[in-house]
Amino acid sequence: MQLLGLSSVSLSYPFFLYYSMETEPHPRDLITQTRYWYIFLDPDQKNLGTCIVSLKRESGHLSSLKPAEWQEFIKIVYQLEKSIKKAFKATLFNWGCFLSEIEENKLLHLEWHVIPRYQQKLEFEKKSFSDPCFGKSTIQICGETLILPYSLRNKIISKIRENLNI
């Protein structure tokens, strides 16, 4: 499978089956992967640079993470925050852990969402972004989504990769 110029990427975990986005050829935009985790650009970019860090194996409990997975995750947190901050000048970050069951397969799935927060409006590729809920939960705008064209998502991914040292 080829995603964003990455060939021979092993995407065997079946969460690709349940997630669908009708606008583009790939259900999720892969930024990179490590031994234990995939890092994707979240389809919803109302907060520029929002990403998903998804465990490669089945797990429905945070307490079931192995020490090596935790250690690698800590490195991802550090590198991803540093990269997004440098790329887009994020002010701070919210992290949320989601555990879910994939109904068709009865698999348990664990992923982290990283939401960059911005105190000031910013512009990227001639598009303006703002964070109207800065200092508050983004749940207040959970009904709103911002799905960007594939070409712009690809530029966001490239900018994140430029500064990502994983």
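The values are calculated or read from the model by the stated rules, or taken from the named source; none is laboratory data. A quick note: this is a predicted structure, and the numbers were derived from the prediction, not measured. Please note: Cβ atoms are built from the backbone with ideal geometry, for glycine as well, and neighbour counts cover all protein chains shown.
A few notes on this one:
- Close pairs from the stretch 78-90: first at pLDDT 95 or above, partner assigned to a helix (DSSP H, G or I), Cβ under 6 Å, at least 6 apart: S83/I160; S83/N163; K86/N163; A87/K159; A87/I160; A87/N163; A90/I84
- Members of the stretch 78-95 found to be crowded, with 16+ Cβ neighbours inside 10 Å and more than 28 Å from E58 (Cα to Cα), listed by number: K85, A87, F88, A90
- Whichever residue in the stretch 52-71 is touching a Phe, Trp or Tyr at 6+ places or on another chain (Cβ under 6 Å) and not in a strand (DSSP E or B) and, among such residues, is modelled with the lowest pLDDT: K56
- Any hit, the stretch 149-158, residues being at pLDDT below 90 and either over 15 Å from the mean Cα position of the chain (by Cα) or of a type in the set (S, T, Y) (or both): no
- Scanning the stretch 72-95 for residues that are in a helix (DSSP H, G or I) and closer than 19 Å to L55 by Cβ gives E72, F73, I74, K75, I76, V77, Y78, Q79, L80, E81.
- Total residues in the stretch 51-71, condition closer than 18 Å to L164 by Cα and crowded, with 18+ Cβ neighbours inside 10 Å: 4
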